[in-house]
1. Against the empirical 2.2 N^0.38 Å scaling, what ratio does the C-alpha Rg of the range 491-550 come to?
2. Taking just the alpha carbons, could you work out the radius of gyration and Dmax for the range 422-553, both in angstroms?
3. With an 8 Å cut-off on Cα pairs and a minimum separation of 6 or more residues, tell me the relative contact order of the chain in percent.
4. List, largest first, the extents of the alpha carbons of the range 209-260 along their principal axes, each in whole Å.
5. How long is the range 164-214 along each principal axis, judged by its Cα atoms, biggest number first, in Å?
6. If you project the alpha carbons of the range 308-377 onto the principal axes, what extent comes out on each, in Å, largest first?
7. Rounded to whole Å, give me the distance from the Cα center of the range 399-458 to that of the range 34-63.
8. Where does the chain land on Rg(C-alpha)/(2.2 N^0.38 Å)?
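A short reminder: the numbers here are calculations on the coordinates, not readings from a lab. Computed from a predicted structure; not experimentally measured. When we count neighbours, we look across all protein chains shown, and the Cβ atoms used for this are built from the backbone with ideal geometry, even at glycine.
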Amino acid sequence: MSETATTIEAPKLTHNEVIKAAVPTLAGNIAATMALGTDQFSADDQQFTKFHGIYQQDDRDLRKTQKKFIMMIRGRIPGGVMTPAQWITFDDLATTYGNNTLRITTRQSIQFHGVVMAGLGPLVKKINESLLSTLAACGDVNRNITASPTPVQISARAEMMEDCHRVVAALAPKTKAYHSIWIDNVQLKLDDAENKDFVDPLYGATYLPRKFKTGFVLPPVNDMDIFINDLGFIAIVENGKVVGYNLCVGGGMGRSHGNEATFPRLADVIGYLPKAHVVDVAKAVLMIHRDFGDRADRKHARLKYVVEERGVDFIREEVNKRAGIELAPAREYKFTATGDVYGWHKALDGSWFFTLFVETGRVKEAKKLALRHIAEKFTGVEFRLTGNQNVLIANVAESDKAAVNALLAEHGVKTDDQASVLHAASMACPALPTCGLALAESERMLPGLVDRIEKLCAEVGLAGEEIIIRSTGCPNGCARPYMAEIAFVGKSPGRYQLWLGGNTSGTRLNRVFKDVVKDPEIEAELRPLLSRFAKERNKGERFGDWCDRTVLNEQPAAQN
């Protein structure tokens, strides 16, 4: 009796994997398409442009009458740090080629919206001339690396930023296509031997299965929401110096409605490493994603699923093996808050820093003009974008503080009481009309909704109570909704999932409270909760903690 050999077929790769393997330079036909004068890229080139920091979109407000193709361009700005000259460049580009606004992202970058094809090349080239970039701001690579911006522990932060830049350089893709397209304005010749045989030394021929996010954070403030990253470094400080980092692996916000196999996840702290090993460990974690991530299902392709399914011990062993080290047990640390400190504050070196509240991250009108004039007049300051979508101006000399105040006042920009506590603790993704994934409004909806919730809080005796509120137009989680005390996640126009129970230290996920709430019914849904909270809370207890302790345990989990 003969046995028949059984062949197990490998899972079919996604189309993204096929085209990356075919063109590992990531050049596509991007330059050739721009030279044609058309208004859009092909479907395949839209995947390649992401690696260059560009998303092709269309103005969804105009879809019923016409389809206007526009581009979103995202800068790669390590740690969100910009010189005044770089800020001026970005301001000019937003005015000349974009929609005259700068959109601060939740990962300390700036996005340009509304750019048409003709302006794309000049805009990206000018960004590079300012010594910043858009390379790897999107795509299946390591994205913009975040780092705590507040200049409180000055020496420690400087050391952390040095390590941040080391990791930025180590994890950057090496393709020549970016320079060819955006600096030289020519199509990379894919048939040349060096291009035809190109394989990125770190990423390989097909890069990563999906995006990869990295962050650095300086306790006790968790302003980077470090546990939502694929790779996170928690600085351990002794005698004012960074001696090493606790390593976090496997976080991520993205999920899909109706797909229980997708979910938000907090990273695990898997050990401690001396700072000298930060680059080797960063490469090791990225390679684990490269080698074990799912290339057959992009919804299941994030590193968090590798960690969830293979376990922390497996990840630790792989890191030790690939980095050539032995991770030590994690060291003690504590997080107390995730928010920014607004207004003026004095740093330990005697300089001052000012944090400007920016509603939903959209720098426009008076604030845009005021920041432009500050950049022009005070060339010694440093602009820092925060992970909460605000702008921090650091290194302000004592002698310049009054002049900066006067300039802000001249443009009607407040320095004190910039926003109510609910607005100051809120965050939203752009969503409509630019994002092609949006199912519902977010940025355009949230400020008005916060006003409504503020009124409701006053009615039930919670006036002035801080509650972290975040919204997104879809479940992908760009504004980190699954960490908020109250979150609205778009399901369809005017309808949102309601999530409750995050905490102020950024160490706990919230949970679904109700699967669908119509916009006009939000107050009715929140009123009994806020009323109970006002009466039942323990002394000093926050709304998210109360929800996690009470109402989220009183009902069956909502169906996603």
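1. Values: Rg = 12.5 Å, N = 60, 2.2 N^0.38 = 10.4 Å.
Rounded to two decimals, the normalised Rg is 1.20.
2. 13.7, 44
3. Values: 1226 pairs, mean separation 72.8, N = 560.
After rounding, I find 13 percent.
4. Over the range 209-260, Cα extents along the principal axes are 49, 22, 13 Å.
5. For the range 164-214, the Cα spread along each principal axis is 33, 22, 18 Å.
6. Taking the Cα atoms of the range 308-377, the three principal extents are 52, 31, 25 Å.
7. Here the answer is 30 Å between Cα centres.
8. 0.96
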